[in-house]
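The structure appears right after this line, and notes come after that.
Each value in this text was obtained by applying a stated rule to the coordinates, not by laboratory testing. The shown structure was predicted, so the numbers you read here are calculated from the model rather than taken from an experiment. Note that each Cβ is placed from the backbone with ideal geometry, even for glycine, and that neighbours are counted across all protein chains shown.
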Amino acid sequence: MRVFGLIGFPLSHSFSKKYFGEKFLREQIPDCRYEAFELSSIDQVSDLIKNEPPLQGFNITIPYKQEIIPFLHKASKVVKQIGACNCVKIVDQQLIGYNTDVEGFKQSLQKKLLPVHKQALVLGTGGAAKAVAYVLEEAGISYQYVSRNKAQRTGYLHYDQVDDEVLRTHLLIINTTPTGMYPRIDEAPALNYEALTPQHFLFDLTYNPEKTLFLQKGESRGAAIQNGYDMLVIQAEESWKIWNTALEELS
Ligand SMILES: NC(=O)c1ccc[n+]([C@@H]2O[C@H](COP(=O)([O-])OP(=O)(O)OC[C@H]3O[C@@H](n4cnc5c(N)ncnc54)[C@H](OP(=O)(O)O)[C@@H]3O)[C@@H](O)[C@H]2O)c1
C-alpha cells in the first residue's frame, strides 16, 4: 500500500483527500491511499513520517506552508526562493520540498492572460501571494502587493491607496486573501469595482464559492474572471507527478 496525505489545521473539508480518492478509483490506480492528517503543531510531522506503511509524500496547507521548511532535508529552487512549500516527497525518511502552487497558478493564469495585462495588483501577502508573485516575475508582469497592514514605506499599497488611477493602470488583479471564501461569501476585497473595465482580468485563488463576490463584481463590469479550481487541480496533479518521478529526474 502506498500512502500519501495532506497536513494542515483545521482540515474539516479537504479537497485533496476527495480528489485523490476519486482519482485512484477513476484511473484504477491500485494500492494507494490519501489521508488527511490534522496536526495541531508542525512538530507532529516528525512522528508522521514514522507511520507504517510509510508515507511516500504529502501536501501542505494552511497554516504550515512556511513552518514545514525547517523540517525539509532538501528544497527545490522555488521553495528556497519564495519560502513556501506545499508538496513533500519522502525518500528514505528524508523530506524533499516542492511548491506546486506555482505551476498551478502559472498554467491557470495563462488561459485568459492577454498582452495588455502587464501590471498586476496582488491582494494579500501570505504564502499563496508569494507563489503568485514568482509566476508574475517569470512572466515579466510587474506587480504591486496590496496589504491591510504591511508598512507602506516598504512598497506595499494599502487598500485606501488603490484609487481609480491605480485600477486603470493595473489590469490584472489577483485575490490571494480568504475574503469572500465560504462561509463569508458576501464579502469582497475593498476596491472600487465601478472603475473596472472589460480589459481587466480578475483571478481569485478561492474555489468555494465557484464565483466569489469579487469575481461577480468584476464580471458585471465585463472583466475576464478565473477562480482557483483549475489551480487546485493542477497543483494536485503536479504533486502526483513528483511522487511518481525518480528523485534524480526532478529539479
Ligand atoms: N486555488 C488554489 O490552488 C490555492 C492554493 C493556495 C492558496 N489558495 C487560497 O489562497 C488563500 C490564501 O492562502 P495563503 O496560504 O496565502 O494564506 P495566508 O498565508 O494566511 O495569507 C493570506 C493573506 O491574505 C491577507 N488576509 C488575511 N485575512 C484577511 C482578511 N480578513 N481580509 C483581507 N485580507 C486578509 C493577509 O495579508 P495582509 O495581512 O498583508 O493583508 C494574508 O497574508 C486561501 O484562501 C487559500 O485557500 C488557493
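The table that follows gives values for the structure above.
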{"read-out": "Theoretical FRET efficiency, 1/(1+(r/R0)^6), r = Cβ-Cβ of Lys74 and Thr197, R0 35 Å, to 0.05", "value": "0.15"}
{"read-out": "At R0 = 30 Å, FRET efficiency that the Cβ-Cβ distance of Glu249 and His13 yields, to 0.05", "value": "0.30"}
{"read-out": "Solvent-free Debye scattering, log10 I(q)/I(0), computed from the Cα coordinates of the chain at q = 0.09, 0.11, 0.16 Å⁻¹", "value": "-0.41, -0.61, -1.17"}
{"read-out": "Paired Rg and Dmax values of segment 126-251, which use every Cα atom, in angstrom", "value": "16.2, 51"}
{"read-out": "Two-site FRET efficiency, Ala190 against Glu210, from Cβ-Cβ distance with R₀ of 22 Å, rounded to 0.05", "value": "0.50"}
{"read-out": "5 Å-binned pair-distance histogram of segment 2-98 (Cα, whole percent)", "value": "3, 13, 25, 24, 20, 11, 4, 0"}
{"read-out": "Mean ellipticity per residue at 222 nm, deg cm²/dmol - from DSSP H runs of n ≥ 4 across the chain, formula -39500 (n - 2.57)", "value": "-8500 deg cm²/dmol"}
{"read-out": "Arg26 versus Gln93: modelled label distance in nm, points set 7 Å from Cα along the beta carbon direction", "value": "3.7 nm"}
{"read-out": "Centre separation in Å (Cα based) which lies between segment 85-122 and segment 164-183", "value": "19 Å"}
{"read-out": "Counting DSSP beta bridges with both ends in the chain, the antiparallel % (nearest 5)", "value": "20 percent"}
{"read-out": "In Hz, Karplus ³J(HN,Hα) per residue of segment 31-48 (6.51, -1.76, 1.60; θ = phi - 60°; x = Gly, Pro)", "value": "6, 10, 9, 10, 10, 9, 10, 7, 9, 7, 8, 5, 4, 5, 5, 5, 6, 4"}
